[in-house]
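The values are calculated or read from the model by the stated rules, or taken from the named source; none is laboratory data. For clarity, every value in this text was computed on a predicted model and none was experimentally measured. For neighbour counting, all protein chains shown are included, and Cβ atoms are generated from backbone atoms with ideal geometry for every residue, glycine included. SASA here: full protein model, heavy atoms, side chains in, ligands and nucleic acids out. Shrake-Rupley method; radii C 1.70, N 1.55, O 1.52, S 1.80 Å.
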Amino acid sequence: MQKQMENINFYETNYDIIGQWFVRPGEKVVLGDMKNRICRFCGKQSPEVTFRKVAHAIPELLGNKSIESAYECDTCNQGFGSGIENDLGNWSKPMRTLIRIRGKSGVPTLKKGGDKPGWRIEYDQSRLNITAYEDDPIYEVDEENKSVTFKLRRDAYTPVAVLKAFMKIGITLLPDDEVVNFSGLMAWIQNPDHSKPYLNKCPVIYTFQPGPMPNDFIAAFILRRKQTVTGYPYAFFVLGYGNEVFQIPLPSEKHDSQMNGQSISIYPFPVLGHLDALTYGEPKRAVLDLMDCTVHKGERMTVQMGYDSRVPVDISGKS
Ligand SMILES: [Zn+2]
């Protein structure tokens, strides 16, 4: 709790929340002016570009069915969807299945590729069904500690494209008058050549909140450094869904240049965690480095989950 107070104090002292959203399915939020549509990313308007598709301010695959934006043209929407958002989807998919995040066609099913039948993790009504084979184990059970460790393969992704996809959501959520401060970042995000450098470092603060958390609730914040403050990054975007929270820096060439090469300490944005932290544990934190610009193939991610008890189930006909 002491730590939580320090985190709260840090943000109260140094940052203003200039945008925040708490959404559940069924609540509709449209950002921008539907009658006067100019694309934030390419600067074009009708008839040069069209605005027929619904542009989700947060990708639908992360469970967003509520926040749309009026300022993303079909061309940019298509480019992001088949580019960096595809990397974000592949990278986040194993965890989205385990924490039951519903995309366009429900909670994603994980399965082994190829022709032969293989392991499969599928969400069915209210539970995860796991089919696995002894010669190709995807999880280990620790009976003593009542935990299951999953080792799940991610589809191919490029880390820096995942970072760009997070930043693109942040840029979309920025108030209009802030966009001008991020033109360099925007150009970099839109560049499909991921080997082109723009930032030296960009640590993403990751928080996992253990325990049963709602799988249909999204929280998002845009934080901006107070005008009286120097020595801290200008802006952050914080995104929470299911058990996960990501805090992503949004570097501004105009307002962050004085910090070049400096090393600074940042407190993580405070998260609530599960109210019953005694049972489920305190939020766990890590710093993610998503700067690598090479394609990662066949990477395994490890997740440990606890369980209360094991129940024998009749799975006749299956091994
Ligand atoms: Zn556009």
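With all protein chains present, how much of the accessible area of the chain (probe radius 1.4 Å) comes from carbon and sulfur, to the nearest whole percent?
Numbers: 8740 of 17420 Å².
Exposed carbon and sulfur together represent 50 percent of the surface.
Note on the chain: helix-only mean residue ellipticity at 222 nm, from DSSP H runs of 4+ residues weighted -39500 (n - 2.57) and normalised by residue number, equals -6000 deg cm²/dmol. Over the chain, Cα pairs under 8 Å with separation of 6+ residues give a relative contact order of 22 percent.
Average accessible surface for the chain: 55 Å² per residue, computed with a 1.4 Å probe over protein heavy atoms with every protein chain in place.
Look at the alpha carbon pairs under 8 Å that are at least 6 residues apart: their mean separation over the length of the stretch 171-255 gives a relative contact order of 34 percent. Taking only Cα atoms, what is the 0 to 90° angle, nearest 10, from helix 159-173's long axis to the longest principal axis of the chain? Result, in degrees: 60.
Are any of the pairs LYS112/LYS164; LYS226/LYS297; LYS168/LYS254; LYS28/LYS284 more than 30 Å apart by Cα-Cα distance, and if so, which? Don't skip to the end; give the middle numbers.
Numbers: LYS112/LYS164 28 Å; LYS226/LYS297 41 Å; LYS168/LYS254 18 Å; LYS28/LYS284 32 Å.
Listed pairs above 30 Å: LYS226/LYS297; LYS28/LYS284.
Computed over every Cα-Cα pair of the stretch 142-240 and binned at 10 Å starting from 0, the pair-distance distribution P(r) comes out as 10, 34, 32, 16, 6, 1 percent.
Taking a ≥ b ≥ c as the square roots of the Cα gyration tensor eigenvalues, the stretch 227-308 comes out oblate, since a/c reaches at least 1.5 and a/b does not exceed b/c.
Show me 173-181, 193-201 ranked by packing, highest mean number of other Cβ atoms within 10 Å first. Write down the numbers at each step before the final one.
Working: 173-181: 15.3, 193-201: 11.7.
Most protected by this proxy first, the peptides run 173-181, 193-201.
Calculate how many DSSP beta bridges within the chain are antiparallel, expressed in % of all such bridges and rounded to the nearest 5. Please report the intermediate quantities before stating the final value.
Numbers: 54 of 57 bridges.
Given both bridge residues lie in the chain, the antiparallel proportion sits at roughly 95 percent.
Under a Cβ-Cβ cut-off of 9 Å, what is the net charge of the residues other than ALA235 that fall near it, where Lys and Arg count +1 and Asp and Glu count -1?
Working: positive: ARG224, ARG225; negative: GLU178, ASP256.
With Lys, Arg at +1 and Asp, Glu at -1, the net is 0.
Compared with the dominant Cα axis of the chain, that is its longest principal axis, helix 2-14 is turned about 20°.
Run the numbers on the stretch 14-156 and let me know its relative contact order in percent, using alpha-carbon pairs under 8 Å that are six or more apart.
17 percent
When +1 charges are put on Lys and Arg Cβ atoms and -1 charges on Asp and Glu Cβ atoms, the dipole computed for the chain relative to its Cα centre reaches about 520 debye.
If packing is taken as the average count of other Cβ atoms within 10 Å, what order do 51-58, 242-249 fall into, highest mean first?
On the way: 51-58: 17.8, 242-249: 22.1.
Highest-to-lowest ranking by the protection proxy: 242-249, 51-58.
Note on GLU12 and HIS255: their simple-model spin labels are 2.2 nm apart, each label 7 Å out from Cα toward Cβ. Computed extension length for TYR198-GLU140: 16.8 nm, one decimal, from 0.36 nm per residue of separation with the Cα-Cα distance subtracted. Note on the chain: with a GNM built from Cα contacts shorter than 10 Å, the maximum mean-square fluctuation among LYS254, LYS297, LYS35 falls on LYS35. Just so you know, the Cα atoms of the chain work out to an Rg and Dmax of 20.8, 68 Å.
When the square roots of the Cα gyration tensor eigenvalues are ordered a ≥ b ≥ c, the ratio a/c for the stretch 1-145 is 1.5 or more and a/b does not exceed b/c, which makes its shape oblate.
So, by mean Cβ neighbours within 10 angstrom, what's the order for 123-134, 22-33 with the highest one leading? Present the calculation step by step, with values, prior to reporting the outcome.
Working: 123-134: 12.0, 22-33: 13.6.
So the peptides 123-134, 22-33, ranked by packing, come out 22-33, 123-134.
Scaled against the 2.2 N^0.38 Å expected of a compact globular protein of N residues, the Cα radius of gyration of the stretch 29-84 reads 1.06.
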